[in-house]
Amino acid sequence: QVQLVESGGGLVQAGGSLRLSCAASGSIFSPYSMSWYRQAPGKQRELVAVITSSGDTNYAASVKGRVTISRDNAKKMVYLQMSSLKPDDTAVYYCRVGGVNSWGQGTQVTVSS
């Protein structure tokens, strides 16, 4: 079992910044990637960013240049620094460990115009 706890969301004006955090625990075996997904109302969950065990990163085209994913292996944490936020970034953000189908409660990000 993998447990995930996301935090750091909130209400922010367009152009603002937020830093999301996710704490992972449970049966996690190295090496593993970590990723952030988001789900907007009425839309499917989509991949936002992924970071491999070696630190390679990849981003969705919609957020590239505006977000940075990072991780702390010792703490089993993953972060998402978001800047230049847009109303289209409004969603519940979730983290994920590898391909494990286990999700936390997510953290709500709301960007006002």
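Put a dot 7 Å past the Cα of Lys86, heading toward its Cβ, do the same for Ser17, and the two dots end up 2.0 nm apart. With all protein chains kept in place, the per residue accessible area of the chain amounts to 53 square angstrom at a probe of 1.4 angstrom. Across the accessible surface of the chain, with the other protein chains kept in place and a 1.4 Å probe, carbon and sulfur atoms take up 49 percent.
Springs between alpha-carbon pairs under 10 angstrom, Gaussian network model over the chain: which of Val48, Val78, Val63 fluctuates most? Per the Cα network of the chain with a 10 Å cutoff, Val63 tops the list. If you wrap the Cα atoms of the chain in a convex hull and average its projected area over all directions, you get 6.4 nm².
Net charge of the neighbourhood of Leu85, taken over other residues with C-beta under 15 Å away and scored Lys/Arg +1, Asp/Glu -1, is +3. About its Cα centre, the dipole of the chain is roughly 20 debye, where the only charges are +1 on Lys and Arg Cβ and -1 on Asp and Glu Cβ.
Count the net charge of all other residues whose Cβ sits under 14 Å from the Cβ of Gly98, scoring Lys and Arg as +1 and Asp and Glu as -1.
Net of charged neighbours comes to +3.
From the largest down, the range 1-67 spans 38, 23, 23 angstrom on the principal axes of its Cα atoms. Across the range 92-107, coupling constants 3J(HN,Hα) worked out from phi with the 6.51/-1.76/1.60 Karplus curve, θ = phi - 60°, read 8, 9, 10, 9, 8, 9, x, x, 5, 8, 9, 10, x, 7, x, 9 Hz, and Gly and Pro carry x.
Magnitude of the charge dipole for the range 53-110, about its Cα centre and with charges confined to Cβ atoms of Lys, Arg (+1) and Asp, Glu (-1), is about 100 debye.
A simple spin-label model places pseudo-atoms 7 Å from Cα toward Cβ; at Ala74 and Ile28 they are separated by 1.5 nm. Distance between the 7 Å Cα→Cβ label points at Val5 and Trp103: 2.0 nm.
The values are calculated or read from the model by the stated rules, or taken from the named source; none is laboratory data. Please read these numbers as outputs of a predicted model, since none were measured by experiment. For neighbour counting, all protein chains shown are included, and Cβ atoms are generated from backbone atoms with ideal geometry for every residue, glycine included. For the accessible areas, the whole protein counts, side chains as well, though only heavy atoms, and no ligand, DNA or RNA atoms are used. Shrake-Rupley method; radii C 1.70, N 1.55, O 1.52, S 1.80 Å.
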